[in-house]
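Worksheet: one structure, shown below.
The values are calculated or read from the model by the stated rules, or taken from the named source; none is laboratory data. The structure displayed is predicted, hence computed values, not measured ones. When we count neighbours, we look across all protein chains shown, and the Cβ atoms used for this are built from the backbone with ideal geometry, even at glycine. For the accessible areas, the whole protein counts, side chains as well, though only heavy atoms, and no ligand, DNA or RNA atoms are used. Shrake-Rupley method; radii C 1.70, N 1.55, O 1.52, S 1.80 Å.
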Amino acid sequence: YHHNMKAAIYSGHGSHSKLRVVENHPTPLVKQGQALIKVFAAGLNARDPKLMMNKIPSFIIPLPKTIGTDLCGVVISNSKCTSNKFTTGDRVVAMMDVLHTSDGSVAEYVAIDEKLLAHAPPNISSVECAGIPLTALTVVQAFQPYLKHVNNQTQNKKVLIQAGAGGLGVFCIQVCCI
């Protein structure tokens, strides 16, 4: 895949007026340990516009930068993957690395480390899947110290979830129901 693609990029920091869709953005080169994904749906998180608006040194976030963090798509090349976990045609969700890369999820294609991929749930649409990665990972990481403290013995435990109707709260409730 050595052609150009459509992507939403910003070349300088500032307001949303810095964001533009380009038709001739280079398709990412796939490195060892990465898969090439055709993006079906991409999700933005609160941190995406913050990274665009605030002046961040280019050695941390190189410009131009493709916006976006979360995605759902299909593996179109796994030839550089080091495991057999993902095969061509697998529908996956992922959360992109943000620092030290100009790549983002609002693009036709992404090259992403296979360790950042997960198989997409078959009963959820691609658009819904694209909203899962960062929020779900935040909840999983937040629960890890508690689970360690209770030695993974969660039956009959009670948990207070502040703001249960928000994005994180909804995922917390689902994790507690498992």
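Taking a ≥ b ≥ c as the square roots of the Cα gyration tensor eigenvalues, with a/c under 1.5 meaning rounded and otherwise prolate when a/b beats b/c, else oblate, which class fits segment 97-178? Prolate, because a/c is 1.5 or more and a/b exceeds b/c.
Residues whose amide H comes within less than 5 Å of that of residue 5, counting only those at least five positions distant or on another chain, are 25, 27 (H built at 1.01 Å from N in the peptide plane).
Only DSSP H runs of four or more residues enter the estimate; each adds -39500 (n - 2.57), and after division by the residues of the chain the mean residue ellipticity at 222 nm equals -6500 deg cm²/dmol.
For segment 23-28, backbone phi angles converted through the Karplus equation (6.51, -1.76, 1.60; θ = phi - 60°) give residue-by-residue couplings of 8, 10, 6, x, 5, x Hz, Gly and Pro being listed as x. Rounded to the nearest Hz, the phi-derived 3J(HN,Hα) couplings of segment 49-66 under the Karplus curve 6.51 cos²θ - 1.76 cosθ + 1.60 (θ = phi - 60°) are x, 5, 5, 6, 6, 9, 5, 10, x, 5, 6, 8, 10, x, 10, x, 10, 7, where x marks glycine and proline. Per residue, segment 100-145 exposes an accessible area of 50 Å² to a 1.4 Å probe, with every protein chain left in place.
Measuring nothing but how far apart in sequence close Cα pairs (under 8 Å, 6+ apart) lie, relative to its length, the chain scores a relative contact order of 22 percent.
Expressed as a whole percent, the accessible surface of the chain that belongs to carbon and sulfur atoms is 57, based on a 1.4 Å probe. Enumerate the amide H contacts of residue 77 below 5 Å, restricted to partners 5 or more residues apart or on another chain; note that Pro and chain-start residues carry no placed amide H. Result for residue 77 returns 36.
Between exposed trypsin sites (Lys or Arg not before Pro) in the chain, where DSSP calls loop and at most 12 other Cβ atoms lie within 10 Å, what's the longest gap? That gives 56-156 as the longest site-free run.
Please report the net charge: other residues with Cβ closer than 12 Å to the Cβ of residue 119, K and R +1, D and E -1.
0
Note on segment 12-97: Lys pairs 8 or more places apart or on different chains, Cα atoms under 16 Å apart, count 7. The distance separating the Cα centre of segment 1-50 from that of segment 120-178 comes to 28 Å.
With protein chains left intact and a 1.4 Å probe, residues in segment 38-81 average 46 Å² of accessible area per residue. Near residue 76: Cβ cut-off under 15 Å, other residues only, Lys/Arg at +1 and Asp/Glu at -1. The net charge is 0.
The HN-Hα couplings worked out from phi for segment 131-137 by the Karplus form 6.51 cos²θ - 1.76 cosθ + 1.60 (θ = phi - 60°) are x, 8, x, 5, 5, 5, 5 Hz, whole numbers, x standing for Gly and Pro.
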